[in-house]
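Enquirer: Could you have a look at this structure, given as structure tokens, before my questions?
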Amino acid sequence: DKSAPVRFTALKMAEQHPALVREVAALAKDTDPAVRLQLALTLGEFNAPEAGAALGRIAAASLGDVRMRLAVLSSATRSPAAVLGAVIAVDPKAAGRREMIDGLIRTAAAGDEKMREAVLDLVLPKENESFDAWRLEAANTLIQSGAVSPRLARVREQARAAASDEQRDLPSRQVALEILGRSPLTAAEFELFGNLLTQSP
């Protein structure tokens, strides 16, 4: 409808009609802020890929808006991986990006095993990416919650490098040590812990 208040009301009514997910998701680029905010809330009622994709588009375009971030996070419980994928693609310097990522990681950590593992696979760096501080923290949170991945051996390898790097910030090194402190411990981990314990303060 041409009237924003009508679209707003229609979105609320559409929450009871799962078959309307495509029509609802199509409003992700609506020009009215109130409609977009309601859409972010409404999408949480749909358990469909279209809803997750639309929520990701809204998140990526609204990271600096605190109300929109909260609305997206409240609706992302069914599709945190879809939303996270869209947010990771945004400029790392964008305002609100880190807050949104942290919220999505916490959401996934409280979800089921499949959800945690899907998000962990997005968090783990690819071959050409570095294990940035946010990735370390996110991986640690997800691993603590029980997420597993075929790439966990590489996570431990990179965590070992981060823990040994005196140029890295202290919080990142602490998170890396938390990751390494989980069983099974290897000889390399024992050697690292021993070296750190014997270093002069």
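Enquirer: If you go through the stretch 16-30, how many residues are open to solvent by 50 Å² or more (accessible area, probe 1.4 Å) and modelled with pLDDT of 95 or more?
Expert: At the first step, the residues of the stretch 16-30 found to be open to solvent by 50 Å² or more (accessible area, probe 1.4 Å) are 16-20, 22-23, 26, 29.
Imposing the further condition that a residue be modelled with pLDDT of 95 or more reduces the set to 16-20, 22-23, 26.
Looking only at that region, the number is 8.
Enquirer: In the set Ser183, Ser172, which member is polar (S, T, N, Q) and touching a residue at least 24 places away in the same chain (Cβ under 8 Å)?
Expert: Numbers: Ser183 fails: touching a residue at least 24 places away in the same chain (Cβ under 8 Å).
Among Ser183, Ser172, only Ser172 is polar (S, T, N, Q) and touching a residue at least 24 places away in the same chain (Cβ under 8 Å).
Enquirer: With Leu39, Leu73, Leu43 as the choices, which residue is within 16 Å of the chain's Cα centre (by Cα), surrounded by 20 or more Cβ atoms within 10 Å (Cβ to Cβ), under 26 Å from Arg106 (Cβ atoms) and not small (Gly, Ala, Ser)?
Expert: Details: Leu39 fails: within 16 Å of the chain's Cα centre (by Cα); Leu43 fails: within 16 Å of the chain's Cα centre (by Cα).
Selected residue: Leu73, the only one of Leu39, Leu73, Leu43 that is within 16 Å of the chain's Cα centre (by Cα), surrounded by 20 or more Cβ atoms within 10 Å (Cβ to Cβ), under 26 Å from Arg106 (Cβ atoms) and not small (Gly, Ala, Ser).
Enquirer: Further, regarding this structure: Return only the number of the condition from (1) part of a loop (DSSP other than H, G, I, E, B); (2) open to solvent by 50 Å² or more (accessible area, probe 1.4 Å) that Phe190 does not satisfy.
Expert: So Phe190 meets the others, but not (1).
Enquirer: Quick check on my filter: what residues within the stretch 125-179 are in a loop (DSSP other than H, G, I, E, B), polar (S, T, N, Q), open to solvent by 20 Å² or more (accessible area, probe 1.4 Å) and within 24 Å of Met100 (Cβ to Cβ)? Let's see the steps before the verdict.
Expert: Taking the stretch 125-179 and keeping what is in a loop (DSSP other than H, G, I, E, B), we get 125-132, 145-151, 165-169.
Next, only the ones that are polar (S, T, N, Q) stay: 128, 130, 145, 149, 167.
Those still in the list that are open to solvent by 20 Å² or more (accessible area, probe 1.4 Å) too: 128, 130, 145, 167.
Listed by number, the residues that qualify are Asn128, Ser130, Ser145.
The values are calculated or read from the model by the stated rules, or taken from the named source; none is laboratory data. This one's a predicted model, so the numbers in the text were calculated from it and none came from an experiment. Please note: Cβ atoms are built from the backbone with ideal geometry, for glycine as well, and neighbour counts cover all protein chains shown. Heavy atoms of the whole protein, side chains included, go into the accessibility calculation; ligands, DNA and RNA do not. Shrake-Rupley method; radii C 1.70, N 1.55, O 1.52, S 1.80 Å.
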